[in-house]
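Let me begin by presenting the structure, written as structure tokens, before commenting on it.
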Amino acid sequence: MAKTPIPKKLLLDPGHLLSFGFGSGLAPKAPGTFGTLASIPVFIAYSLYLPEIYQYGFILVSFIIGIWLCERTTKALGVHDHPAIVWDEFVGFFITMIMVPVTPVTILMGFVLFRIFDILKPWPISVIDSRLKGGLGVMLDDVLAGVYALLCMHLILWIARTI
């Protein structure tokens, strides 16, 4: 499928700019990967400056706002889940890192695990990705990829602690 061009006026709109991950989703190749990379500084900032309970609130608000942002950008582009829409990758990565110590190694592990689940889309992610449309559909497959990656992260960390 040819990528639908992004009208320049959308880039001037703060909501669309968030959907595009501050422009990271405009990368010509692997926009989801670039979107996930762009989420890392945001993750580091909120994890360093917000108490843990507020971090959960930040993730929840990011998800809820993301549904609206992605729906709005999807409608503006006339394409469901355009590759440039990467706010869902931000939220998926945030979920991956819940209650994970913030170190370069864990950030790299979280990045790799999230990208694997986001790209491979194991069941039920693949079902949601193909059947659920709109902003919720855009967001939910990445939320589930984040949950899968989160479970793997905690399993790996638990094994590492017990060795």
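The values are calculated or read from the model by the stated rules, or taken from the named source; none is laboratory data. What you are looking at is a predicted structure, and each value in this text was computed from that prediction instead of being measured. Glycine gets a Cβ as well: all are built from the backbone with ideal geometry, and neighbour counts include every protein chain shown.
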Being surrounded by 14 or more Cβ atoms within 10 Å (Cβ to Cβ) and of a type in the set (Lys, Arg) is the filter here, so list the residues in the stretch 2-32 that pass it.
none
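Results for (1) surrounded by fewer than 18 Cβ atoms within 10 Å (Cβ to Cβ); (2) under 18 Å from PHE43 (Cβ atoms); (3) modelled with pLDDT of 95 or more, shown as yes or no for each residue.
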{"position": "GLY66", "(1), (2), (3)": "no, yes, yes"}
{"position": "CYS70", "(1), (2), (3)": "no, no, yes"}
{"position": "ILE95", "(1), (2), (3)": "no, yes, yes"}
{"position": "ILE98", "(1), (2), (3)": "yes, yes, yes"}
{"position": "PRO122", "(1), (2), (3)": "yes, no, no"}
{"position": "LEU132", "(1), (2), (3)": "yes, no, no"}
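Can you pull out every residue in the stretch 81-135 that is part of a helix (DSSP H, G or I) and of a type in the set (Phe, Trp, Tyr)? Reasoning before the result, please.
Keep residues of the stretch 81-135 that are part of a helix (DSSP H, G or I), which gives 87-96, 104-120, 125-131, 134-135.
Result: TRP87, PHE90, PHE93, PHE94, PHE111, PHE114, PHE117.
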Exactly one of (1) at pLDDT 95 or above; (2) in a loop (DSSP other than H, G, I, E, B); (3) of a type in the set (D, E, K, R) is unmet by LYS3. Its number?
(1)
Exactly one condition in (1) free of Cβ contacts under 8 Å to residues at least 40 places away in the same chain; (2) in contact with a Phe, Trp or Tyr (Cβ under 7 Å, 6 or more places away or on another chain) is false for VAL112; which is it?
(2)
Answer residue from the stretch 134-163, given it is farther than 16 Å from TRP87 by Cα and among the small types (Gly, Ala, Ser) and is surrounded by the most Cβ atoms within 10 Å (Cβ to Cβ) among those
ALA149
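Inside the stretch 60-79, can you point out the residues that are aliphatic (A, V, I, L, M) and either assigned to a helix (DSSP H, G or I) or touching a Phe, Trp or Tyr at 6+ places or on another chain (Cβ under 6 Å) (or both)?
From the stretch 60-79, those aliphatic (A, V, I, L, M) are 60-61, 64-65, 67, 69, 76-77, 79; that's our starting set.
Correct list: LEU60, VAL61, ILE64, ILE65, ILE67, LEU69, ALA76, LEU77.
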What are the residue pairs meeting all of these: first residue in the stretch 62-88, first residue closer than 15 Å to THR36 by Cβ, second residue outside any helix (DSSP H, G or I) and among the aliphatic types (A, V, I, L, M), Cβ atoms under 8 Å, and 6 or more apart or on different chains?
ALA84/ILE6
So HIS82 clears everything in (1) at pLDDT 95 or above; (2) within 23 Å of ILE6 (Cα to Cα) except one condition, right? Which one?
(1)
